[in-house]
Amino acid sequence: MTYATQQDLIDRYGEDRLIALTDRAETPTGAFDTALIARVLADTDALIDGYLMARYALPLAVVPPQLRPLAEVLGYYDLHLYEPDEKAKADHKLALDSLKDIAKGIIQLEVGGAEPDVNDAGGVTTTDRDRPFTASNLKSFI
């Protein structure tokens, strides 16, 4: 499932900025590399799915509105070949924190569908070892 498109990145960051980040040809072409953008957005989708699968059944029927901006920020950060600026770093950290909160259930997504089955391993655990204190070895204390 695609959470953001190339057009979403253009709308958010501008065509000139994307050209500057993706035109990596030896002789600049003045156009953005659509294959690079598609690969980065696919990697971003996989990252988001990794966080979502902890709480939601995938693929989602509809893309929740909270995910598109997160995918845009993560994709934009990954397009940087060299060190991104401070704003891009801060936005990237905030997006990852939001994904962690979604995985923990702190942020709820409005999606139709069931949450994945949760393992009920939180019950009582017992052991079969011998009891250290029995009626026979406590006779002298009573």
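Derivation of every value follows stated rules applied to the coordinates shown; laboratory data play no part. This structure is a prediction, so every number in the text was calculated from the model and none was measured. Positions of Cβ are backbone-derived with ideal geometry, glycine not excepted, and every protein chain shown enters the neighbour counts.
With +1 assigned to the C-beta of every Lys and Arg and -1 to the C-beta of every Asp and Glu, and no other charges, what is the dipole magnitude of the chain about the Cα centre in debye, to the nearest 20?
Once rounded to the nearest 20, the dipole reads 860 debye.
Specify which labelled value, from [x] 52, 18, 12; [y] 46, 16, 9; [z] 21, 17, 14, agrees with semi-axes √(5λ) of the Cα gyration tensor in Å derived from the coordinates of the model shown.
Computed from these coordinates, semi-axes √(5λ) of the Cα gyration tensor in Å corresponds to label [x].
Work out the charge dipole of the range 6-108 with +1 on the Cβ of Lys and Arg and -1 on the Cβ of Asp and Glu about the Cα centre, then indicate which of T27, S98, I37 is farthest towards its positive end.
S98
With contacts defined as alpha carbon pairs under 8 Å and 6 or more residues apart, what's the relative contact order of the chain in percent? Don't skip to the end; give the middle numbers.
Numbers: 115 pairs, mean separation 38.0, N = 142.
After rounding, I find 27 percent.
Please build a GNM for the chain, connecting alpha carbons under 10 Å apart, and tell me which residue among V124, V111, V40 fluctuates the most.
V124
In nm, what is the difference between 0.36 nm times the number of residues separating T134 and A61 and their Cα-Cα distance?
Result for the pair: 20.3 nm of gain on full extension.
For Y56, Y3, what ranking results if the residue with the fewest other Cβ atoms within 10 Å of its Cβ goes first?
With the fewest neighbours first, Y56, Y3 line up as Y56, Y3.
I'd like the FRET efficiency for D101 and A31, computed as 1/(1 + (r/R0)^6) with the beta carbon distance as r and R0 of 30 Å, rounded to 0.05.
Between D101 and A31 the formula returns 0.20.
Run down the lysines and flag those whose C-alpha is under 17 Å from the C-alpha of K89, throwing out any fewer than 8 positions away in its chain.
Cross-link targets: K100.
Just subtract the alpha-carbon distance of D23 and A54 from 0.36 nm times their residue separation and send over the number in nm, one decimal.
In short, 7.5 nm is gained.
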